[in-house]
Amino acid sequence: MKNITLFVILLAACRLGYSQSKDLKMAHKLYANKAYTEAIEAYTAEAEQTPLDTLATKNLAESYYYTQNAAKAVETYARLWELKPDQDKAVIFRYADAAKRSKDYAKANELLTSYTGEEVNILQGIEDLDEEVEQFFFPEILDAASAYNDFGAAYYDRQIIFASDRNAARPVYPWTGRPYLDLYYANVNGSAITDDGLFPGMINTDTHESNAVFSADGRKMYFTRTSDDFTRINDAKIAVLQIYSAELVNGQWGNITLLPINSKNYSVAHPALSPDGKSLYFSSDMPGGFGSFDIYKVNLNEDGSFATPVNLGNRINSDKLEQFPFISDAGNLYFASNRAEGLGGLDLYRSKVSGETFADAYNLGSSINSNADDFALIIKENEGTGYFSSNRTEKDKLYRFETLPNINYQIIGNVDNKKTLEPIPGAKVTLFRPETGTLITEVTDEEGSFKFDVRPNSFYKVKASKELYVPIEKDVRIEYSRNTKTALRLYMEAYADTEEIVVVNDRNQLTQINLEKIYFDFDKSNIRPDAATTLDKLVAILTKYPEMKVEIASHTDMRGSDTYNQELSERRAQSTRDYVISKGIDADRLTAKGYGESDPINNCTEMDCTDAQQDENRRSEFTIIN
């Protein structure tokens, strides 16, 4: 009977193992076919039964990454690193990018430093870059409340053409779990998309259509479409991207033609036209490039044929993705890339036209780029307006923008007395940028004024301090704005005005804490119980004002020699200081000083002081020194 029971248990275990293996095999197949949404479901279902191995954990992390779930990607990559920290460079790069998308730039810096072999500081690099870019962008999201993904705007007449997954009649795309993309037209009114509809003619199909561009006369268009045929590339079935042309004939878009520059073995996508219409730019992962996708140019011959595509070279292309080119009316090139120095995902870049070529490309900075994908920029440079796309809200959305020249922004402020409203000269004002650790200090002038040059799209802490005043700190966020000056007024409270905590001693013009003096027994320096009660109040005040520094001044009566009393007062000051330190106050904030019998509190002399008057002189007092 025992053997039969064991056989049944083993059989059940084998069946369970077979089931799990079969489920895991299906998850791997979904991942290989880039059905990432379904792969995530399969891997997570498997993980509920048994911990995922290294390969499954990597594929799950990558699936989260490719479906833009940065938080889950980072979490799963971290588990992968626990299983196998020695990963190939491509996985390290994607983990770093997921960290950037989650705004964990410290982790991204660590990973990218390992990836590049050089010290990487992303935010410092972007801060330096923002000093140099020619223009700032002022983006505004369009149709923010929409549940759809919209991207890739193109100018067409007085409207824009864009790609969207809003057509519920289309099949579901396994990668995203959303409908396949169609091209739409729309008007833009403020931040709203109106009068939108499917682009007419036979352009849209049950596969993806996106990223259109139109000839200057509006009679010819080029657009991207996903191939109907799947090609096996690197052991995966891939539907490549292809560029088609279409013509406007008798008011209808037709003559849809696959361009001869396409291939079944690689993608050709994101068409852009030169201002004269004689050259077509596009992105492709064709063999022989610098990285995954590069940007190419192909000349259009007068007979309608195409010349041989030419890679734009290493001033534009890198070993990363270069996609979504656009050529402005002035001939400048804009594109998107996911290079290591970017803020996260795709960032937008610009390259100025230089004769027949382009100058070195540069990142457009933090006024337009974010920790998410920012791409598909189009611009009318002479008007300083345009559109781009971003998934910074976790959906692809269209943004319109205006540009202004890059000029310095300023914080202009005053430090005033909170009670009298009079300016406070000589106050130290510190500007701190937490993101990068930048620290600048100014001192207020006779009018209590200060000024800092700052960067827009940045967060700062501004702190004012001065001896005998309670320090004050304010957070300031500098947004991109047409108003480049931010006014700030800091009101500092004198310790002498703070809720009767301190008073000014008229006898010697020192600012002293308003506590009972502590007293000592004759010829003693130990802390009495009544003195401990008072010192506990001092501890509470020093805890409330963490930057306050205090001198403990101890005294004796007039009995005994001057030398003995000086030493006794120093012992009393030290015992007072030791007690306060024992309650958790930093020793650096306390100075102990003995004054012997040199500063009596009353006007009697050694010969005529009463015992009560002598008792009053055996004391410690607390004077604010900072």
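The values are calculated or read from the model by the stated rules, or taken from the named source; none is laboratory data. Worth saying up front: this structure is predicted, and the values here are computed from it rather than measured. Here the Cβ positions follow ideal geometry from the backbone for every residue, glycine too, while neighbour counts run over all protein chains shown. Note: accessible area is taken over every heavy atom of the protein model, side chains too, but ligands, DNA and RNA are not part of it. Shrake-Rupley method; radii C 1.70, N 1.55, O 1.52, S 1.80 Å.
Scanning the stretch 44-101 for residues that are buried (at least 22 other Cβ atoms within 10 Å of the Cβ), of a type in the set (Phe, Trp, Tyr) and farther than 16 Å from residue 338 by Cα yields 64, 77.
For every residue, the table says whether it meets (1) out of contact with any Ser or Thr (no Cβ under 7 Å at 6 or more places or on another chain); (2) open to solvent by less than 10 Å² (accessible area, probe 1.4 Å).
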position: 328; (1), (2): yes, yes
position: 335; (1), (2): yes, yes
position: 342; (1), (2): yes, yes
position: 350; (1), (2): yes, no
position: 355; (1), (2): yes, no
position: 364; (1), (2): yes, yes
position: 379; (1), (2): no, yes
position: 383; (1), (2): yes, no
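Would you confirm, using the coordinates I've provided, whether residue 169 is in contact (Cβ under 8 Å) with a residue 40 or more places away in the chain, open to solvent by 10 Å² or more (accessible area, probe 1.4 Å), of a type in the set (Gly, Ala, Ser) and over 24 Å from residue 281 (Cβ atoms)? No. Looking only at the stretch 415-434, how many residues end up being part of a strand (DSSP E or B), open to solvent by less than 30 Å² (accessible area, probe 1.4 Å), under 16 Å from residue 451 (Cα atoms) and not β-branched (Val, Ile, Thr)? Residues in the stretch 415-434 being part of a strand (DSSP E or B), open to solvent by less than 30 Å² (accessible area, probe 1.4 Å), under 16 Å from residue 451 (Cα atoms) and not β-branched (Val, Ile, Thr): 3 in total.
Of everything in the stretch 216-238 that is open to solvent by less than 30 Å² (accessible area, probe 1.4 Å) and part of a loop (DSSP other than H, G, I, E, B), the residue that is modelled with the lowest pLDDT is 227. Filtered by the rule that a residue be at pLDDT below 95 and among the β-branched types (Val, Ile, Thr), the stretch 324-367 gives 353, 357.
Could you list, in sequence order, the residues of the stretch 124-142 that are under 20 Å from residue 438 (Cα atoms) and open to solvent by less than 40 Å² (accessible area, probe 1.4 Å)? First the steps, then the outcome.
Step one: of the stretch 124-142, the residues under 20 Å from residue 438 (Cα atoms) are 124-133.
Within the stretch 124-142, 125, 126, 127, 129, 130, 133 meet the criteria.
Among the conditions (1) open to solvent by 30 Å² or more (accessible area, probe 1.4 Å); (2) on the phi < 0 side of the Ramachandran plot, residue 117 misses just one, which is (2).
Number of residues in the stretch 84-97 that are more than 11 Å from residue 111 (Cα to Cα) and part of a helix (DSSP H, G or I) equals 1.
The residue of the stretch 435-447 that is surrounded by the most Cβ atoms within 10 Å (Cβ to Cβ), among those that are in contact with a strand residue (DSSP E or B) (Cβ under 8 Å, 6 or more places away or on another chain) and of a type outside the set (A, V, I, L, M, F, W, C), is 444. When residue 459 is tested against (1) buried (at least 18 other Cβ atoms within 10 Å of the Cβ); (2) of a type in the set (Phe, Trp, Tyr); (3) modelled with pLDDT of 90 or more, exactly one condition is not met: (1). Evaluate the following for residue 411: is it touching a residue at least 12 places away in the same chain (Cβ under 8 Å), more than 13 Å from residue 336 (Cβ to Cβ) and either polar (S, T, N, Q) or open to solvent by 30 Å² or more (accessible area, probe 1.4 Å) (or both)? No: the conditions fail for residue 411.
The set of residues from the stretch 390-408 being open to solvent by 70 Å² or more (accessible area, probe 1.4 Å), among the acidic types (Asp, Glu) and farther than 13 Å from residue 367 by Cα comprises just one member, 394. Evaluated against (1) free of Cβ contacts under 8 Å to residues at least 24 places away in the same chain; (2) within 24 Å of residue 65 (Cα to Cα), residue 389 falls short on exactly one condition, (1).
Apart from one condition, residue 616 fits all of (1) surrounded by 15 or more Cβ atoms within 10 Å (Cβ to Cβ); (2) modelled with pLDDT of 80 or more; (3) not small (Gly, Ala, Ser); the exception is (2). Evaluated against (1) within 53 Å of the chain's Cα centre (by Cα); (2) not in a strand (DSSP E or B), residue 560 falls short on exactly one condition, (1). Of the residues 342, 365, 386, 331, the single one that is of a type in the set (Gly, Ala, Ser) and in a strand (DSSP E or B) is 386. For residue 454, are the conditions met, namely being without any contact (Cβ under 8 Å) to a residue 60 or more places away in the chain, open to solvent by less than 50 Å² (accessible area, probe 1.4 Å) and within 30 Å of residue 383 (Cβ to Cβ)? Answer is yes for this residue. Here residue 539 passes the criteria (1) more than 17 Å from residue 601 (Cα to Cα); (2) surrounded by 19 or more Cβ atoms within 10 Å (Cβ to Cβ) except the one numbered (2).
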